[in-house]
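Okay, structure first, notes after.
What follows is calculated from the coordinates using simple rules that are stated; it is not laboratory data. It should be emphasised that the depicted structure is a prediction, and the values quoted were computed from it without experimental measurement. So basically every Cβ, Gly included, is an ideal-geometry build from the backbone, and we count neighbours across all protein chains shown.
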Amino acid sequence: MKKITLTLIIIICSYFINAQPPAGHAKPGDTYGAKITEAGAINITEVPAMLKTKDTVAVKVIAKVENSCSKKGCWMNLVIDDKNKAFVKMKDYGFFVPTEIAGKTIVLDGIAFTEQTSVAELKHYAEDAKKSKAEIDAIKEPKKEIRFLANGILVIK
């Protein structure tokens, strides 16, 4: 019994260690995670006002992807407006998006919330995004930001 349990643990760990982003470019109609549709989606610009009255909001939004993790596609930044971005992680680390998803318009179904992000975490994501050493070193303070935990993502254009 112990050998079977140990074998299963090794197999599961190997799966997560070797997880890779989806191959190729994100194309309209591609879905990642749970299968979703565009029906009922709102513009991401409405989310900040919604989070003023609630801590978390289950929402489906339409947004443009600014950038994503260049290693695995395990996170993305979405454009809210000229000054504000939203950070996205995938639910349970259960799926990834193509690393070439930047510039695409997507529908994201998930949970929105605000969170204080530590300096160490901000620097880690800056490294993943291949920011310059000067940009990374300039990160000196934690940042309160809008975040999403995505259940599913649909590329629409």
Of 126, 116, 96, which is farthest on the positive side of the dipole of region 2-155, counting Cα position, with +1 on Lys and Arg Cβ, -1 on Asp and Glu Cβ, and the Cα centre as origin? 96
To the nearest 20 debye, what charge dipole does region 2-155 have about its Cα centre, counting +1 at the Cβ of each Lys and Arg and -1 at the Cβ of each Asp and Glu? 400 debye
Note, residue 34: beta-carbon cut-off 10 Å, +1 each Lys/Arg, -1 each Asp/Glu, net +1
Residue 42 long-range amide H proximity, modeled H, under 5 Å: 60, 61, 62
